[in-house]
Amino acid sequence: MTQSHGFIMLSLPACKVRLIVSIALLMCVLNDAWSEAPVPYPRIETGAHTAKISRIGIDRSERWLVSASTDKTARVWDLNSGKLHRILRPPIGDGFEGRLYAVAISPDAARVAVGGFTGASNAHQSPVYLFDRSSGRLMKRSVAITQSTIHLVFSADGTRLAAASGSGSLYVLNGLD
C-alpha cells in the first residue's frame, strides 16, 4: 500500500480487481432496475392497527376475527388466544389509495375478503381482494367496483360474496371456491 497525492494505492491481484469491477457493474444494473420498480411503502409494524378500524367480521365457529382499517391493513385475530395471527396487505398507494373500509371472513374461515378505496385514485376502480386466511396469500382480485367498497358479506355456503359500494350499488361476486 502506497500513498500518492492524498490517495491510497492498493496493489491487488487481477482476480480481485475483476471481482470488484463485476460487483460495481452489477450494482449499476440493479440500480437501473430498481429505479423502474414501483415505489415501496415502508411501514412500521406495531402489533395493532394504527388508524380507525372500519369493520370487523367473525367466522361461523367464532374462532377467528378479522378487522379492516384505514391504516391500509387487515388483521386476522385468534379469538381463543387473543393474539394476532396474520396481517393482510393488499396493494396500496399514496393518499387514500389502499384504505380498507370493509372486511368479511368466509363461514369456514378459509378466506378473507377486503375492500375499500383499493384502486388508483384516477382509475375510479376499487377491486375486492380475496386472501387465504392461513397463509395470508393473495388469491384473487375482483372485477373493478366503481366506488369504494363499504361492506362485504359471504353467503352461508361461502361461494358468493356481496359487496356494497359507496355509490349505493350492490355487487355479487360468484365462483369464490
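The values are calculated or read from the model by the stated rules, or taken from the named source; none is laboratory data. From a predicted model like this one, the values you see are computed outputs, not experimental measurements. A quick note on method: Cβ atoms are made from the backbone with ideal geometry, for glycine too, and the neighbour counts reach across all protein chains shown.
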* **Candidates Leu65, Leu88, filtered to the one that is in contact with a strand residue (DSSP E or B) (Cβ under 9 Å, 6 or more places away or on another chain), modelled with pLDDT under 95 and not polar (S, T, N, Q)** => Leu88
* If Ala120 satisfies every condition in (1) in contact with an Asp or Glu (Cβ under 8 Å, 6 or more places away or on another chain); (2) surrounded by 15 or more Cβ atoms within 10 Å (Cβ to Cβ); (3) hydrophobic (A, V, I, L, M, F, W, C) but one, which is the exception? -> (2)
* Conditions: (1) assigned to a strand (DSSP E or B); (2) within 21 Å of the chain's Cα centre (by Cα). Val143 meets all but one. Number of the miss? -> (1)
* Are any residues in segment 128-140 buried (at least 17 other Cβ atoms within 10 Å of the Cβ) and part of a loop (DSSP other than H, G, I, E, B), and if so, which ones? -> Val128, Arg133
* Filter result for the condition that a residue is among the acidic types (Asp, Glu), modelled with pLDDT of 90 or more and surrounded by fewer than 20 Cβ atoms within 10 Å (Cβ to Cβ), over Asp157, Asp177, Asp94 -> Asp157
* With respect to Asp132, determine if the residue is within 15 Å of the chain's Cα centre (by Cα) and in contact (Cβ under 8 Å) with a residue 12 or more places away in the chain. => yes
